[in-house]
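Report on the following structure.
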Number of protein chains: 2
Amino acid sequence: MLQSRKEDLIWPKMEASRCVGLAAPLQYLFLFIIFATFGSVQANTHHQKWEVAYEFRSPDCFQKLAITINGRTPGPTIVAGQGDTIVIDVKNRLLTENLAIHWHGIRQIGTPWYDGTEGVTQCPIVPGETFTYRFVVDRPGTYMYHAHYGMQRSAGLYGLIQVLPPAGMAELFTYDYDRSIILNDWWHKSTYEQAVGLSSKDFTFVGEPQSLLINGRGKFNCSNVRSGVCNETNPECLPYVLTVVSGKTYRLRIASITSLSALNFEIEGHNLTVVEADGYHVKPFVVKNLNIYSGETYSVLFKADQDPSHNYWFAVNVVSRKPNTPTGTAILNYYPNPPRRLPPTMPPYGPLWNDTMYQLNQSNAIRSHPDYIHPPPLTSDRMILLLNTQNFVDGYLKWALNNVTFTLPHTPYLIALKEKLFHGFDQRPPPETYDYKNYDIYAIQKNQNATASTSIYRLGFNSTVDVILQNANTKNPNNSETHPWHLHGHDFWVLGYGIGKFDPEIDPKRYNLVDPIKKNTVALHPYGWTALRFQADNPGVWAFHCHIESHFAMGMGVVFEEGVDKLGKLPTDIMGCGDSKYLKRP
Amino acid sequence: MLQSRKEDLIWPKMEASRCVGLAAPLQYLFLFIIFATFGSVQANTHHQKWEVAYEFRSPDCFQKLAITINGRTPGPTIVAGQGDTIVIDVKNRLLTENLAIHWHGIRQIGTPWYDGTEGVTQCPIVPGETFTYRFVVDRPGTYMYHAHYGMQRSAGLYGLIQVLPPAGMAELFTYDYDRSIILNDWWHKSTYEQAVGLSSKDFTFVGEPQSLLINGRGKFNCSNVRSGVCNETNPECLPYVLTVVSGKTYRLRIASITSLSALNFEIEGHNLTVVEADGYHVKPFVVKNLNIYSGETYSVLFKADQDPSHNYWFAVNVVSRKPNTPTGTAILNYYPNPPRRLPPTMPPYGPLWNDTMYQLNQSNAIRSHPDYIHPPPLTSDRMILLLNTQNFVDGYLKWALNNVTFTLPHTPYLIALKEKLFHGFDQRPPPETYDYKNYDIYAIQKNQNATASTSIYRLGFNSTVDVILQNANTKNPNNSETHPWHLHGHDFWVLGYGIGKFDPEIDPKRYNLVDPIKKNTVALHPYGWTALRFQADNPGVWAFHCHIESHFAMGMGVVFEEGVDKLGKLPTDIMGCGDSKYLKRP
């Protein structure tokens, strides 16, 4: 088993940063040899067996039930080469709860049924069952996986995917070591309590997170705990330590899987050069700190070029919401200082949380690397303009697009469309636009009532589609939130951002058609708009939604269909729910 | 809609006891008229629509997530006449959690697929789906329904079923009013936390319940609460009040759905005449208080014959485990005293918790009413002797029968057997007996390792089967627990109880073959044995298990099959999981 050996050998690299000393460089040399030896194997298959279960965990020293994969949260990092096939047998060992896992950033070309989006591409995996995801990772870069069912992501079911370029093909940017971190926000209340609060008429919001986690580790001040188990000496909540050697350059892959928070990431005293975004090469630019929104991944380069006599802070701070969560920290350890010795300073507190222009400017700075431009089509076939608002449906608080709040059907769309079970969802198309001439995005919506619908946007296969996300005031005065929108099955070009109301007559003329970055997740800034373009070239049914978990749960999403008629037979294992229970199968 | 009118009219009766004054008798008269008018309708259909959801509830003043039916826990009482058809559309509005509902005491003759036992008779109902249970209630008496999936029963999904004799046919015993109460134990930790604790290698027991609930109401001392919402003035935790009129006789239907606790029920100062057990007429006997085990139902008669100038306590106390739960109380209100005026006394504290002989003697006193004897077959075709022990499987604590701990298969047995998907479970028969000659039931088992198995007992159709439950020491010295065993799909004769080790040569000679009571749930007393007989005359697959929820979750159950070949086509709606996903359907 060449592949599994290769896999086993790559894995320790991900953990190397927890080791002290010079083991890492040696490992790397070893890996290099392995790659040189086996690199010519064109496409490997990486087969993993995952058991998903609830376990008591204390990622920030406070014990609660978390969803683990093989005992871990975050789950194992998937490391593979471009073109490799990933096969994951997911055994649901949750006791009464279903499951679905989304491979965030993987386009699932030819395998739309393994996108892992419950209600869209598959029935949920019921307890006791094993569901096998099988897909190809076709682009190098940094991706993620996470639960896509209810609010299970928030319970800890997430991890990283790292796709390496083919052996022998160098990255455009050079570095000595490759490290990864994944950021998260964390609550002490169960996702059940959170979800019930959100979906009650007597709407209850869980509030800001108790902690920010870096690679699954945070630190809560246990003296604030009135009941429950909280132990600041629990090794589970020891800070993450990244050990560096003075003078070396590090590629740091950063992913954010937060349920709510927009984050700002900083390494005390070290500039960051942004080189990758969502798997695409970025025209390098230097920042003191990086804004990262839920669903985004970046690679930054930094050089260990500071006084090596002490350690430094990694600091993660909440932005775009008034923070009520302590700075999340980890330790940048200069070898040979003791790895857990705290830096002599206070952790950076990040930029002003409500400096929207700071965030907008950084969003605008992310352009395609000149050597890696994927030019967008210069025109589009269709424009969908989506007004993002808070609304009420039958007295329940919801998020809506053009006053339609999204609800999942009982039969997943992919099955319903392919098997022609059309009564399973609303066949009327959802609105393409809103009354942009008269709508005041700075005011509270006059008629806050929305309708709930299972309707979807059906796109012409291979057509070019523009989506304009238009932000607005929420139901509270002088409030507009940041929404990171994530598209399944595609990467889109980010044609532009603006503050204020998008004008379909004027603003398209300002689109960046020269070097727009491609991404799968993009921020919609407060009171702003974001313009995207993508090609509907991937047969399947694809969710496009705000990546804030509670917002999607409250209806902030749409679904696109394209070319489902081109798909072959659906795998039976995605079925079993809704009308698919009654399907006749060969 | 004759039926729904009838139903609507019966319903208020169940709530009448919350009213003050003489409304109840008038209601009864009204009901009598209704019955007299429509009673000749042989079999009605009662159609209800239930929505099952998590909601925040404070049944004992402490707020936690509870599973409700149409907003209520306990759920609505089902009231029907003998021979009526019950149709319940159960919509699963839990967010990520499946569901199955068992109709406890209803034999499901001809409808084994609607027994509601997840993994045995059906796939779980996934969120968003509506599953329709449809069955006939063929015997008058007091029954229950409750979740039969994971530990959802403990989360509040339960209620009463009352089957009335055909109109015009009087009960054997006479009474003025018919009232019902259902008893439960209640924890503040979520069932998730409980279930994960039980199923972890690092076994964690949630401990004794915080409260005992009478008709869903208890009272927790909020001053003991260190965090969370607890409010002793919350009307949700006002005590249940039963208003009586001096001199009248009341039939009180008592059901226990506890997850753990054996209970003792007492009405301060009032003797109870036991007249019904699990739907069968009991040779009346008088007790000061009644032991009731989880899964049992009784009717008792009591006369409001005490000083009517004040109110009295209903008291529920834990027996057979060292109690660490306050007495559960409700108020017996003598009209016209203020209904919520507390009695001037302390609530009764019940019998000694560990007086096993007291419990055994009461069990032995429950005999069939001479006018209603269903004579048992005098011999049986098969004897299955089940040793009840605590064991370990791969380091996990389990309960086992003859050293086999039960695990559910992924494809429900009924589907697997009927559709011949035999690889879905272990085809080897489980052991019929244990080494009773040499086993010391008073000692900790020497080899505590057990095996986990999905194997089942396949019974000859129409054969007569004896099951002897043999209790023993647990893994702790000098400890043996009470186990209430419940059989699905049948009622059994209780042939006898004993303390010590059952001797197959001698003890059968002591069987009561004259007037044994029929039941569906029976206690196995500490270090004792209980002998049952039933006829395997109901085609289907039937669970037989300890009704302590955590014990069943830890493997304390077996499954019987009989006559599956005689069944017609299975309904498709029970399918969708395991191998049934791949079935070809017409």
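The values are calculated or read from the model by the stated rules, or taken from the named source; none is laboratory data. Just so it is clear, the model here is predicted, and its values are computed rather than measured. With ideal geometry, Cβ positions are generated from the backbone for all residues, glycine too; neighbour counts draw on all protein chains shown.
Observations
- Checked across region B:412-427, the condition of being at pLDDT 95 or above, surrounded by 21 or more Cβ atoms within 10 Å (Cβ to Cβ) and over 30 Å from B:Asp565 (Cα atoms) holds for no residue.
- Here B:Val287 meets the list (1) surrounded by 20 or more Cβ atoms within 10 Å (Cβ to Cβ); (2) closer than 26 Å to B:Arg321 by Cβ almost entirely, failing just condition (1).
- Pair list, Cβ under 8 Å, 6 or more apart: region A:518-530 residue in the same structural domain as A:Tyr442 (by TED's automatic domain parsing) and at positive phi, other residue aromatic (Phe, Trp, Tyr) and surrounded by fewer than 24 Cβ atoms within 10 Å (Cβ to Cβ): A:Tyr527/A:Tyr442
- Single residue of B:Leu212, B:Leu198, B:Leu172, B:Leu183 found to be of a type in the set (A, V, I, L, M), surrounded by fewer than 18 Cβ atoms within 10 Å (Cβ to Cβ) and touching a residue at least 12 places away in the same chain (Cβ under 8 Å): B:Leu172
- Selection status of B:Asn333, outside any strand (DSSP E or B) and either modelled with pLDDT of 95 or more or loosely packed, with under 15 Cβ neighbours inside 10 Å (or both): no
- Number of residues in region A:354-399 that are under 30 Å from A:Lys288 (Cβ atoms), small (Gly, Ala, Ser) and surrounded by fewer than 17 Cβ atoms within 10 Å (Cβ to Cβ): the value is 1.
- A:Cys577 being within 13 Å of chain B (Cβ to nearest Cβ) and buried (at least 24 other Cβ atoms within 10 Å of the Cβ): yes
- From A:Pro351, A:Pro338, A:Pro347, residue being surrounded by fewer than 19 Cβ atoms within 10 Å (Cβ to Cβ) and either more than 21 Å from A:Asn364 (Cβ to Cβ) or among the hydroxyl-bearing types (Ser, Thr, Tyr) (or both): A:Pro338
- Members of region A:257-294 that are under 13 Å from A:Ala315 (Cα atoms) and of a type in the set (Gly, Ala, Ser): A:Gly269
- Restricting region B:44-74 to residues that are of a type in the set (Ser, Thr, Tyr) and within 17 Å of B:Glu236 (Cβ to Cβ), the residue that is nearest to the chain's Cα centre (by Cα) is B:Thr73.
- Selected residue (criterion: nearest to B:Gly156 (Cα to Cα)) from residues of region B:242-258 that are over 19 Å from the mean Cα position of the chain (by Cα) and not hydroxyl-bearing (Ser, Thr, Tyr): B:Leu242
- In region A:443-456, the residues that are over 22 Å from A:Asn479 (Cα atoms) reach residues that are buried (at least 16 other Cβ atoms within 10 Å of the Cβ) and acidic (Asp, Glu) with C-beta atoms within less than 8 angstrom, at least six apart or across chains, in these pairs: A:Ser453/A:Asp426; A:Thr454/A:Asp426; A:Ser455/A:Asp426; A:Ile456/A:Glu561.
- Leading residue by the ranking (farthest from B:Ser261 (Cα to Cα)) among those in region B:326-359 that are free of Cβ contacts under 8 Å to residues at least 40 places away in the same chain and charged (D, E, K, R): B:Arg341
- For region A:111-120, the set of residues classified as farther than 16 Å from B:Pro127 by Cα and in contact with a Leu (Cβ under 7 Å, 6 or more places away or on another chain) consists of A:Pro112, A:Trp113, listed by residue number.
- Residue in region A:187-209 that is modelled with pLDDT of 95 or more, assigned to a loop (DSSP other than H, G, I, E, B), farther than 30 Å from B:Gln152 by Cβ and away from chain B (no Cβ under 13 Å) present: yes
- Boolean, B:Gly498 is in contact with a helix residue (DSSP H, G or I) (Cβ under 9 Å, 6 or more places away or on another chain) and free of Cβ contacts under 8 Å to residues at least 60 places away in the same chain: yes
- Considering B:Thr85, B:Thr77, the condition of being under 15 Å from the mean Cα position of the chain (by Cα), away from chain A (no Cβ under 14 Å) and surrounded by fewer than 24 Cβ atoms within 10 Å (Cβ to Cβ) is satisfied by B:Thr77 alone.
- Taking region A:489-586 and the strands (runs of 3 or more DSSP E) fully enclosed by it, the elements with 2 or more residues that are in contact with a His (Cβ under 6 Å, 6 or more places away or on another chain), modelled with pLDDT of 95 or more and under 30 Å from A:Gln122 (Cα atoms) are at A:521-524, A:540-546.
- Within region B:131-156, tally of residues that are touching a Phe, Trp or Tyr at 6+ places or on another chain (Cβ under 8 Å), within 14 Å of chain A (Cβ to nearest Cβ) and basic (Lys, Arg): 0
Matching residues to (1) farther than 19 Å from A:Leu272 by Cβ; (2) part of a strand (DSSP E or B); (3) within 24 Å of the chain's Cα centre (by Cα); (4) not hydrophobic (A, V, I, L, M, F, W, C):
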site	(1), (2), (3), (4)
A:Val316	no, yes, yes, no
A:Pro323	yes, no, yes, yes
A:Asn337	yes, no, no, yes
A:Arg340	yes, no, no, yes
A:Pro343	no, no, no, yes
A:Asn361	no, no, yes, yes
A:Leu378	yes, no, no, no
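- Within region A:176-186, considering residues that are under 22 Å from A:Leu272 (Cα atoms) and of a type outside the set (Val, Ile, Thr), the one nearest to the other protein chains (Cβ to nearest Cβ): A:Asn184
- Residues within region A:368-419 that are of a type in the set (Val, Ile, Thr) and within 26 Å of A:Asp115 (Cα to Cα), tallied: 6
- Residue count for region A:98-147 satisfying the condition of being under 18 Å from the mean Cα position of the chain (by Cα), within 21 Å of A:Lys569 (Cβ to Cβ) and of a type in the set (Gly, Ala, Ser): 2.
- Being over 23 Å from A:Pro539 (Cβ atoms), more than 13 Å from every other protein chain (Cβ to nearest Cβ), small (Gly, Ala, Ser) and not in a strand (DSSP E or B) holds for only one residue in A:Gly168, A:Gly159, A:Gly128, and it is A:Gly168.
- Among all residues of region B:90-104, there is at least one that is closer than 17 Å to B:Lys49 by Cα and basic (Lys, Arg).
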